[in-house]
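Rule-based calculations on the coordinates, nothing more; no lab input. None of these values were measured; they are calculated from a predicted model. All Cβ positions, even for glycine, are placed from backbone atoms using ideal geometry, and neighbour counts span all protein chains on display.
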Amino acid sequence: MRILTKAAALHALGLAVALATGGAAGPSFAQTYPTKPVTIIVPFPPAGGADTLARILAVQLGKAWKQSVLVDNRPGASGHIGANYVARAPGDGYTLIMSSTAALTKENADKFAPVALVSASPYVVAANPKLGVKNIRELVAKAKAEPNKITFGSSGDGSGSHLTAELFNQVAGVELTHVPYKGTGQAVNDLLAGTIDLMFAPSQTVSPHVKSGKLVALAATGEKRSKATPELPTIAEAGVPNYAAVGWFGLLAPASTPKALVEKLGADVNRALSDPAVEKSMLEAGAEPAHGTPASFGKFIHDELNKWESLEARTAKNKGGKS
């Protein structure tokens, strides 16, 4: 996840809003949409958080729209391949992207119109049982006793799962070693195999393995306990005060999408997220449904970009630009 400067983020979101308001035909087009199948691009491999949520949402939107909603995984380059594909697509609402901040860069953020925040949920700190820790205090003690020996995986350099762990390094005063992957699914596979020790992972990707006993859940990263994993203490509760972070997933459209259509898409997604069956599926997968307007989602993105900017800069400086 490359982080925008404040000025760049403001410019990007402002331009996206400006482009999204264009098109006099927008309102009438929005009223008839959709008249053919819609595709949600997931710029990451299958089995990750974005993929899971896209498939849950696709089912409900397909029912509401009476059209097929397809999920197309286009992974690579930390989400940039899929993001660039959507950025070049027509702004007609038929090609959308389910993503996190990882797929946004200074170069492409102005090419998207925020539609709806789908989920902003804590990550779960999950460990391979071979690591021999059962809670955060034990993890901190072991990490301080063995600097750089404990490894954590992520879905890629600069991803949310990477930076939340780096924030833990900073706040807890430890040195966990980062091992980047090309997607969450690959990292989880290596975590299960014991190739890496730890992950700060979307709950929906590790919860089944915690339930089966193949992984140990140590804590959740949010400011308060999650509805999806109420049994897990927060990291702050578990012994590292002043730590909090969430992983978010949201739906975006090409920036040229007319404002009226963006608003319709946002309203339809919010209705889908309010459906009890969707909420149940998301909570079972470890994700809390979110709600809000396209404008509030745009502000959320801006705030998140600013939050992580200084951390990413410090991480790059401390590691010579490498993770």
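Based on the mean of other beta carbon atoms within 10 Å per residue, what is the order of 86-96, 244-254, 281-291, most packed first?
Most protected by this proxy first, the peptides run 244-254, 281-291, 86-96.
Using a simple charge model, +1 on the beta-carbon of Lys and Arg, -1 on the beta-carbon of Asp and Glu, nothing else, what dipole does region 57-177 show about its Cα centre, in debye to the nearest 20?
It comes to approximately 340 debye.
Need one number: nm distance between label points at Leu192 and Ala47, each 7 Å from Cα along Cα→Cβ, rounded to one decimal.
Output for this residue pair reads 0.5 nm.
I'd like the antiparallel share, as a percent to the nearest 5, of DSSP beta bridges with both residues in the chain.
Antiparallel bridges: around 60 percent, rounded to the nearest 5.
If you wrap region 123-245's Cα atoms in a convex hull and average its projection over all directions, what's the area in nm²?
Averaging across all directions leaves 6.3 nm² for the Cα convex hull.
Cβ neighbours within 10 Å, averaged per peptide: list 179-189, 211-221, 139-149 in order, most packed at the top.
179-189, 211-221, 139-149
Using 7 Å Cα-to-Cβ label points, what is the Arg88/Lys224 separation (nm, one decimal)?
About 4.5 nm separates the two model spin labels.
At 0.36 nm per residue, and after removing the present C-alpha to C-alpha distance, how many nm does the segment from Glu237 to His291 gain when stretched out fully?
Length gained, Glu237 through His291: 16.8 nm.
What's the magnitude of the charge dipole for the chain around its Cα centre, counting Lys and Arg as +1 and Asp and Glu as -1 at the beta-carbon? Answer in Debye, nearest 20.
In total the dipole reaches around 180 debye.
Please work out the Cα convex hull volume for the chain and give it in Å³ per residue.
Residue-normalised Cα hull volume stands at 112 Å³.
Work through the residues other than Ser226 whose Cβ is under 13 Å from its Cβ and net out their charges, Lys, Arg +1 and Asp, Glu -1.
-2
Quick one: if you stick a label point 7 Å off each Cα along the C-beta vector at Leu70 and Asn148, how many nm between them?
4.8
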